[in-house]
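Every number in this text was worked out from the coordinates using simple rules, so none of it is lab data. Just so it is clear, the model here is predicted, and its values are computed rather than measured. Positions of Cβ are generated from backbone atoms using ideal geometry, with glycine treated the same way; all protein chains shown enter the neighbour counts.
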Amino acid sequence: LAFSGAGVVPFYGEMRFIDTLGLTDAHIAHTAVQQHGHGMAGHEHGDGRYVLSRQPDWIMFTGRPLSSHSPNYPGDNEIFAQQDFHLDYEPVRVTLQYVTRRSHQTRTYDLFLFRRIVPRS
């Protein structure tokens, strides 16, 4: 999974994870940022070409409340701008339901993902 939300997902997910913001990825963390200090702190780094070269099975763009079908951060925009992304990935929408702890209400959210459709080389 390639996603900007490094933290609990890769820690508990026990899967290969690419942090698209570079918090846990040295290559992305060391990329030059043209307008450093002009974006949301910690969300300015990215390298779309590098992320796609790693051929993640799934890509998720950050959004409200969970994910989005369109990019929001510079690194996600770089991924979306690559022709290979549009050729190699298809959108998938998954509906999630869960019961909140405090109010015991059922909440429903759409999770937008992109699944790799070409075989790995």
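Tabulated data for the structure shown
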read-out	value
20 Å cut-off, amide nitrogen to a point 7 angstrom out along Ser53 Cα→Cβ, residues in segment 76-93	76-89
Amide proton proximity set for Tyr89, modelled H, under 5 Å, gap of 5+	Ile117
Rough spin-label spacing in nm, given labels placed 7 Å along Cα→Cβ, for Leu87 and Ser103	4.7 nm
Hz values of 3J(HN,Hα) by residue in segment 80-97 - Karplus curve (6.51, -1.76, 1.60), Gly and Pro given as x	4, 6, 7, 4, 4, 4, 6, 7, 9, 10, 10, x, 9, 10, 10, 8, 10, 10
